[in-house]
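Notes for the one structure printed next.
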Amino acid sequence: MAAQLGPPSHADTGLQPERTDLAWGRTILSVLVATAVFLRWIPHHGLFVGTLIVTAATTAVVISFTRKRRLHRAVRGINQGRIPPDVASTAAFAASAVILSLLSIYTVLFVPLNP
Amino acid sequence: MINKANTAASGERGSLSSRILGGGSDPDPRFTLANERTFLAWIRTSLAMLAGGVAVEAFMANFFGPELGKIVSVLLLALALITGGGSYFRWLSVERAMRSKASLPLPWIAPILATGTALIAAATGAFILVGHT
């Protein structure tokens with residue numbers, strides 16, 4: 001890690017790798033905001049909300065830990081003229097959003113309110 | 001399905017993903033990244049709907065009343081579900097179109113999202129104007 005200061009350079013004047021990295025960063029923030037809102041839901045619906053918090057927090061952690069790898073992949077792709085589309089990441093992230101939505105709908109409709 | 005894809009593609013890494021992408025050739029990497037950012041924008045939209053739906057149910061029950069609050073909340077969460085799941089298929093259809101050098105498909109989640117948010121806004125506005133009990 002100390003051997004390399006920042007990502008390798010590239011010649012894209014559109015700064016695509018950097019913008020994509022920042023887009024992932026904004027998305028992590030969005031996931032964290034959703035996680036914070038879920039935390040506030042615990043007093044209303046109890047521990048079932050824990051499933052939402054664990055799912056959202058896991059998503060945020062996984063994206064955070066793969067962020068550097070993504071940036072390097074993007075720079076490498078710009079240099080090589082091609083980037084293999086990241087099917088696994090998009091599918092997993094969309095699946096996470098779907099699971100969170102379904103769990104939330106279930107919570108609203110079927111998990112009883114705390115008195 | 002995974003086994004089938006592995007045997008079909010003779011050792012090529014990511015054979016399942018190339019099968020999902022449906023042939024063609026990798027486009028300009030800048031376009032791949034632009035598509036990825038668009039996917040993330042859709043996901044963030046979904047997450048905003050999700051947080052909104054939860055917030056309505058958790059914090060606005062006194063304002064809307066329990067029944068209407070539930071309805072607005074579930075509508076927002078349904079939009080989160082559609083945009084969240086749709087974001088992947090949107091990303092995939094754009095990626096496929098770029099790989100086969102076809103023109104890009106229209107986003108079918110956009111009209112759903114626009115109609116849904118407009119309906120929720122109209123319902124909430126009407127509720128405020130008519131006056132809540």
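General remarks:
- Residue in segment B:16-29 that is modelled with pLDDT of 85 or more, part of a helix (DSSP H, G or I) and more than 23 Å from A:His45 (Cβ to Cβ) present: yes
- Just one residue in the set B:Leu81, B:Leu104, B:Leu119, B:Leu76 is touching a helix residue (DSSP H, G or I) at 6+ places or on another chain (Cβ under 6 Å), open to solvent by 70 Å² or more (accessible area, probe 1.4 Å) and at pLDDT 85 or above; that residue is B:Leu104.
- The one condition in (1) within 29 Å of A:His45 (Cβ to Cβ); (2) within 18 Å of the chain's Cα centre (by Cα) that B:Val56 fails to fulfil: (2)
- Applying a threshold of 7 Å to beta carbon distances and a minimum spacing of six or more residues, or different chains, the list of pairs starting in segment B:43-55 at a residue that is within 16 Å of A:Arg26 (Cα to Cα) and ending at one that is aromatic (Phe, Trp, Tyr) reads B:Ile43/A:Phe93.
- The condition of being modelled with pLDDT of 95 or more and either closer than 27 Å to A:Val108 by Cβ or over 10 Å from the mean Cα position of the chain (by Cα) (or both) holds for only one of B:Ala41, B:Ala110, that being B:Ala41.
- The residues in segment A:15-41 that are more than 8 Å from chain B (Cβ to nearest Cβ) and within 16 Å of A:Ile53 (Cα to Cα) can be counted, and the count is 6.
- Where a residue in segment A:85-104 is within 7 Å of chain B (Cβ to nearest Cβ) and its partner, wherever it lies, is open to solvent by 40 Å² or more (accessible area, probe 1.4 Å), with Cβ under 6 Å and at least six apart: A:Val87/B:Ile20; A:Ser101/B:Leu81
- From the list B:Glu95, B:Glu57, the one residue that fits, being crowded, with 21+ Cβ neighbours inside 10 Å, at pLDDT below 95, at the interface with chain A (Cβ under 10 Å from one of its Cβ atoms) and in contact with a His (Cβ under 9 Å, 6 or more places away or on another chain), is B:Glu57.
- Residue check: A:Pro112 meets all listed conditions (1) in a helix (DSSP H, G or I); (2) open to solvent by 30 Å² or more (accessible area, probe 1.4 Å); (3) over 30 Å from B:Pro27 (Cα atoms) but one, namely (1).
The values are calculated or read from the model by the stated rules, or taken from the named source; none is laboratory data. Small disclaimer: the values here were computed from a predicted structure and weren't measured. A quick note on method: Cβ atoms are made from the backbone with ideal geometry, for glycine too, and the neighbour counts reach across all protein chains shown. For the accessible areas, the whole protein counts, side chains as well, though only heavy atoms, and no ligand, DNA or RNA atoms are used. Shrake-Rupley method; radii C 1.70, N 1.55, O 1.52, S 1.80 Å.
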